[in-house]
Amino acid sequence: MSKFSIEEFVRATSERDRGGGPFELENDRTLEIQLDGKVWIKMGSMIAYNGSIKFTREGVLEHGLGKMLKKAVTGEGTMLTKAEGKGNLYLADSGKKISVIDLQSESITVNGNDLLAFQESIKWDITMMKKVTGMLAGGIFNVRLEGEGMIAITTHYDPVTLIVKPGEPVFTDPNATVAWSSNLAPDLKADISLKTLVGRTSGETIQMKFDGDGFVVIQPFEEIYYMPATA
């Protein structure tokens with residue numbers, strides 16, 4: 001075990017500017033956002049800040065009627081907080097590892113639970129995989145992000161990216177699937193011949209099928225999602 005004097009501990013763990021731009025990793029589980037304007041963050045992810053920053057929960061019509069209706073229909077659990085002002089903002093999500101991606105007129109689809117933050121310049125929309133409804137307690141909900149700017153995603157442990165080629169589909173566990181290139185349209189299949197060991201009550205093994213030209217990001221962890229009950 002490492003032993004430090006207080007001075008040594010402060011020096012070893014102190015925040016420092018590494019010149020990484022507005023989204024900068026202090027370590028692999030803590031994100032610093034050098035804020036001068038507005039940014040969207042996952043609700044509950046703020047762990048510290050300095051400066052003058054105001055936090056506002058996402059308004060009902062903040063992003064237009066279309067997104068509000070999608071959230072109402074899907075029961076989408078991912079909520080956003082708007083952070084505005086000037087200062088340094090620090091984010092984390094249950095000790096998960098953070099990856100920062102700089103979109104350059106590109107697009108990516110991220111599991112809603114794994115989206116930590118994105119700049120205001122990024123356009124986004126909720127996507128829903130209706131076919132899975134009834135298979136995984138209501139469905140899988142994702143966020144499509146596109147444009148120019150930085151986003152931050154989270155994974156349990158180190159992410160692995162698999163390349164998808166035409167005619168060479170990649171199959172993944174939905175609970176281990178974090179993100180994929182938005183040009184891919186994943187399909188879902190249930191293999192009733194295989195029984196799952198834990199986590200699902202349907203007795204079916206659910207798989208996501210990616211076919212085309214792109215990539216899919218997975219994590220070495222099966223994250224169980226609990227969807228809200230419907231009336």
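The values are calculated or read from the model by the stated rules, or taken from the named source; none is laboratory data. Note that this is a predicted model, so its numbers are computed, not measured. Heads up, the Cβs are rebuilt from the backbone with ideal geometry, glycines too, and the neighbour counts pull from every protein chain shown.
Only one residue in 76, 146, 62 is among the charged types (D, E, K, R), at pLDDT 95 or above and either surrounded by 17 or more Cβ atoms within 10 Å (Cβ to Cβ) or at negative phi (or both). Which one? From the options 76, 146, 62, the qualifying one is 146. Show the residue pairs meeting these rules: Cβ distance below 8 Å; 6+ apart or different chains; first residue within region 150-164 and within 24 Å of residue 119 (Cα to Cα); second residue among the hydroxyl-bearing types (Ser, Thr, Tyr) and part of a loop (DSSP other than H, G, I, E, B). Listed pairs, sorted by first residue: none to list. Considering (1) out of contact with any Phe, Trp or Tyr (no Cβ under 6 Å at 6 or more places or on another chain); (2) within 19 Å of residue 114 (Cβ to Cβ); (3) at pLDDT 55 or above, the lone condition that residue 184 does not fulfil carries the number (1).
Quick grid of which residues meet (1) modelled with pLDDT under 95; (2) exposed (fewer than 14 other Cβ atoms within 10 Å of the Cβ); (3) polar (S, T, N, Q); (4) at negative phi:
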site	(1), (2), (3), (4)
154	no, no, yes, yes
177	yes, no, yes, yes
193	yes, yes, yes, yes
196	yes, no, yes, yes
200	yes, no, no, yes
204	yes, no, no, yes
224	yes, yes, no, yes
